[in-house]
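Written out below as structure tokens is the structure these notes cover.
The values are calculated or read from the model by the stated rules, or taken from the named source; none is laboratory data. Just so it is clear, the structure is predicted and the values come from calculations on it, not from any experiment. Using ideal geometry, Cβ is built from the backbone for each residue, glycine included, and neighbour counts are taken over all protein chains shown. Accessible surface is based on the protein model in full, side chains and every heavy atom, while ligands, DNA and RNA are left aside. Shrake-Rupley method; radii C 1.70, N 1.55, O 1.52, S 1.80 Å.
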Amino acid sequence: MEMVIAVNPEPASKLGYLLRVPLDGGLVFRTSGTWPRTKALYCHPVPIDEWPDDPEVVERVAVRSCARRGAAIDLVLDRGRENRSQIVYTTARGRDVVFWQSPRTRKQARPNVRTPTARAAGIAELPIVVDSHERYAYRFADQQVGLTKRALPCGDYGVFLEDRLVASVERKSVPDLVSSLTNGTLRYALAELAALPRAAIVVEDRYSAIFALERVRPATVADGLAELQVRWPNVPIVFCDNRALAEQWTYRYLAAAYVWAEAENTAIARIAAPRPVDAPAAESGNIAESASGAGEGAPPAPSTAEVRAWARAQGLPVPDRGRLRPDIWQAWSSAHPE
């Protein structure tokens, strides 16, 4: 008896391998890896006739034992390491699924932590918008949230304040992260997220999972992620152990961003209140000086916070604090002629 792993001949499939186990004449599954080293691998059962006539075999290992026990198939290979695993038939979100797991990944799937249910930032009901294209979305079942589903300009989960998207989180699995990194779409996603006041990418796995990749060089992925973080430091890429912890992190992050946005709006309203004409300019050496020196009766010079808020509303990238670039002041001047 042998366990055989071959390359999936369908190049468009996200499940790049075929797994064949010697039970009931041979069971065949499509799967994404050659062994469940860092997490359980999703398996899609297929008919035995999908096994290629001339397979591109990746691995062939003798089997000491292959037996069905209840809803699982226990598989013991004839080798010293990575020799025990289970193929488990279960349900997830109301549908039948199959997972291939090892003793190590089974332990990791249930970390010895209990996620809190207390309200994030004291918000009674956080209004979270879920992108209408998000599949198998977080439900935040144990949290105090109000969910709305509609299209988001970027990200998978967001919070709005006065019809303005103030924070967004993009959810990624490791395969999705690697795929979007290698085909270049992750760069565009980060650029869009970076235009928001607050944004992040959350990964439903540990950082160590990228070093267990087999179909792409782990160093290439690690270097690519590091380069993206240097280029867009205001959009963190956060690795969580599993889906449950990623969901918890997303909830807490969006709640903190929502409270921050409310406080900023209040501050901007106070800062932008009418001031005497002879009030000092907001920043020396910028366009505010020319406005204040236009003569008696000239409109009051705009504050930095006011121009920053206007620039964000126009979709212009601006820093959260400090001086604004000359081109931002010039854009304000052009949009507000005397």
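Assorted remarks:
- The mean sequence separation of alpha-carbon pairs under 8 Å and at least six residues apart, normalised by the residue count of the chain, gives a relative contact order of 10 percent.
- Placing dummy labels 7 Å off each Cα toward the beta-carbon, the span from ARG325 to GLU134 is 3.1 nm.
- Helices assigned as whole DSSP H runs in the chain whose Cα atoms extend at least 18 Å along their own long axis and whose mean Kyte-Doolittle hydropathy is -1.0 or higher are found at 218-231, 243-271.
- Take PHE160: with every protein chain present and a 1.4 Å probe, its accessible area is about 50 Å².
- Non-local lysine pairs in the chain, meaning eight or more places apart or on different chains, with alpha-carbon distances under 23 Å, amount to 6.
- Cβ-Cβ FRET estimate between ASP241 and LYS14, R0 fixed at 22 Å, reported to 0.05: 0.50
- Residues within the reach of a label modelled at ASN183 (point 7 angstrom out along Cα to beta-carbon, backbone nitrogen below 16 Å), restricted to region 1-41, are 10-16.
- Using a simple spin-label model with pseudo-atoms 7 Å out from Cα toward Cβ, ALA194 and GLU2 lie 5.0 nm apart.
- Among the chymotrypsin sites (Phe, Trp or Tyr not before Pro) in region 73-103, none sits in a DSSP loop with a Cβ that has at most 10 other Cβ atoms within 10 Å.
- A value for Cα Rg over 2.2 N^0.38 Å was derived from the coordinates, and within the list (i) 1.13; (ii) 0.98; (iii) 1.33 it appears as (iii).
- For the pair ASN83 and VAL97 in one chain, pulling the backbone fully straight at 0.36 nm per residue adds 2.7 nm over the alpha carbon distance.
- Residue-wise HN-Hα couplings along region 58-65, as the Karplus relation 6.51 cos²θ - 1.76 cosθ + 1.60 with θ = phi - 60° gives them from phi, are 9, 8, 9, 10, 5, 10, 7, 8 Hz; Gly and Pro carry x.
- Karplus-derived HN-Hα couplings along region 22-32 (A = 6.51, B = -1.76, C = 1.60, θ = phi - 60°), whole Hz, x at Gly and Pro: x, 9, 6, x, x, 10, 10, 9, 8, 8, 9
- For VAL7, the solvent-accessible surface with a 1.4 Å probe is about 40 Å², rounded to the nearest 10.
- Evaluating 6.51 cos²θ - 1.76 cosθ + 1.60 at θ = phi - 60° for every residue in region 126-134, the Karplus couplings come out as 6, x, 9, 9, 9, 4, 5, 8, 6 Hz, glycine and proline recorded as x.
- Calculated [θ] (222 nm, deg cm²/dmol) that DSSP helices of n ≥ 4 give over the chain, each run adding -39,500 (n - 2.57): -8500 deg cm²/dmol
- Taking label points 7 Å from Cα along the Cα-to-Cβ direction, GLU262 and PHE211 give a separation of 4.2 nm.
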